[in-house]
1. From (1) without any contact (Cβ under 8 Å) to a residue 40 or more places away in the chain; (2) under 24 Å from ALA242 (Cβ atoms); (3) among the hydroxyl-bearing types (Ser, Thr, Tyr), pick out the condition that doesn't hold for SER68.
2. Report, by residue number, each residue of region 28-80 that is assigned to a loop (DSSP other than H, G, I, E, B) and among the polar types (S, T, N, Q).
3. Taking the residues in region 168-181 that are open to solvent by 60 Å² or more (accessible area, probe 1.4 Å) and in contact (Cβ under 8 Å) with a residue 12 or more places away in the chain as candidates, determine which candidate is farthest from ILE200 (Cα to Cα).
4. Take SER83 and tell me if it is within 23 Å of ALA26 (Cα to Cα), of a type in the set (S, T, N, Q) and not in a loop (DSSP other than H, G, I, E, B).
5. Looking only at residues in region 130-144 that are open to solvent by 90 Å² or more (accessible area, probe 1.4 Å) and part of a helix (DSSP H, G or I), which one is modelled with the lowest pLDDT?
6. Can you tell me which residue is farthest from PRO49 (Cα to Cα) among those in region 213-227 that are touching a helix residue (DSSP H, G or I) at 6+ places or on another chain (Cβ under 7 Å) and either at pLDDT 80 or above or open to solvent by 70 Å² or more (accessible area, probe 1.4 Å) (or both)?
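The values are calculated or read from the model by the stated rules, or taken from the named source; none is laboratory data. Given the structure is predicted, the values throughout are model-derived calculations rather than measurements. Counting neighbours? That spans all protein chains shown, and the Cβs are built from the backbone with ideal geometry, glycine included. Side chains included, ligands, DNA and RNA excluded: accessible areas come from the protein's heavy atoms. Shrake-Rupley method; radii C 1.70, N 1.55, O 1.52, S 1.80 Å.
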Amino acid sequence: MLVETFGHISAGSCFEIRNSDGLRTAEVARRTGYSVQQLRNLERDGALPAAPRTAAGYRVYGEAHVWSARAYRALTAGADPGSAKTILRAVHRRDLRNMFALLDTAHARLDRERRDLDAARTAARAIADEPVAGIHPADAMNVSELARALGVRPSTLRHWDAAGVVVPHRTGPREARVYTPDDVRAARLVHQLRLAGYGIESLRQLVPELRGWRRWDDLAAALTARDARLDSRANALLDAAAALSALLGLSREG
């Protein structure tokens, strides 16, 4: 590890600042797209290595800070901010085994979401294609029956009701919930889309448009859009890997 100093700079980071570095905070901000305050916050949280300081107390940044900030941005897009910080903290303390394990977890999560999305697409298509003939009002279910059929808790159905996603029929304000065949279909679809990672707010907007399954194209488009978001996250993880590789390369140079 190179231990050259930039003026009278105090050490304390795994990635030592070299004479060729000596970047001002504003320069790192320009090269990474973060504000000066955001960089300081990332350093405070351990996503960036601790910056050495001059005798006057000014931070002195280096290429390690640039690549750390770029890696953080990509990891946040590919996983989430918490995972990004945890991975970078592992890098800065040179805990590579943990870093690789955390990256594996991020990729595994993405793979699981993609598989869930594929399963939801298949199930939703099957639900949409079911014949509507032969269905009678007597085929309605109460909360307990539908919860058992879906494999969820009754409280889940009540939550969907309160959120306006699947609202059952009632004969009065204190009467029991009754799910008509159309409500049951909606609940089955919501269940599949929840498994695929759809949030309640997205479903609140989507499901009413799909009542009666006359707009399969809309649902297919929504699923395709989520597929594209997964691709974007996968690409972000590729960018993160490149930034982390560059960051580790700086460490090896030292």
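1. The failed condition is (1).
2. SER35, THR54
3. The first filter runs over region 168-181 and keeps only residues open to solvent by 60 Å² or more (accessible area, probe 1.4 Å), leaving 169-171, 173-176, 178.
Now narrow it down to the ones that are in contact (Cβ under 8 Å) with a residue 12 or more places away in the chain: 169, 176, 178.
On the way: HIS169: 20, ALA176: 23, VAL178: 21 Å.
Among those residues, the one meeting the criterion is ALA176.
4. In short, no.
5. So the residue we want is PRO137.
6. ARG215
Per-residue answers, yes or no, for (1) at pLDDT 80 or above; (2) assigned to a loop (DSSP other than H, G, I, E, B); (3) exposed (fewer than 14 other Cβ atoms within 10 Å of the Cβ):
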site	(1), (2), (3)
ARG185	yes, no, no
LEU189	yes, no, no
GLY197	no, yes, no
LEU203	no, no, no
ARG211	no, no, yes
ARG229	yes, no, yes
ARG233	yes, no, no
LEU247	yes, no, no
